[in-house]
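Bear in mind that the values in this text are calculations on the coordinates, not laboratory data. Quick caveat, the model's predicted, so the values are computed rather than measured. Here the Cβ positions follow ideal geometry from the backbone for every residue, glycine too, while neighbour counts run over all protein chains shown.
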């Protein structure tokens with residue numbers, strides 16, 4: 001550990017890490033909802049399913065805006081996870097270009 005680091009690795013790059021963490025969380029929750037939909041009815045009152053829907057419904061509604069209309073409703077959590085993965089990649093490229101993304105040790109910037 002370098003002097004003055006104080007073990008704040010995550011928070012030292014919070015401008016990058018916090019949005020990236022939120023996008024990653026939403027992506028994995030969308031994948032979880034897709035997999036859970038094989039075992040739970042869409043109108044189930046199960047509290048876990050309700051929370052999955054509460055977290056992912058806004059993301060799925062946003063994904064419908066950029067997804068072709070022929071897409072099946074049951075696949076939309078998977079499609080939303082794909083769009084979130086694309087958004088995370090674009091976010092990384094932009095933040096890397098601005099110099100806010102963390103680097104790997106002493107490697108020269110790309």
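Please verify whether residue 69 is over 26 Å from residue 95 (Cβ atoms) and either in a helix (DSSP H, G or I) or under 13 Å from the mean Cα position of the chain (by Cα) (or both), treating the condition exactly as stated. Here the answer is no, as residue 69 does not meet what is asked.
From the residues in region 34-50 that are surrounded by 10 or more Cβ atoms within 10 Å (Cβ to Cβ) and not in a loop (DSSP other than H, G, I, E, B), which one is nearest to the chain's Cα centre (by Cα)?
My answer is 34.
In region 52-70, of all residues being touching a helix residue (DSSP H, G or I) at 6+ places or on another chain (Cβ under 6 Å) and either surrounded by fewer than 16 Cβ atoms within 10 Å (Cβ to Cβ) or touching a residue at least 24 places away in the same chain (Cβ under 8 Å) (or both), the one that is farthest from residue 20 (Cα to Cα) corresponds to 60.
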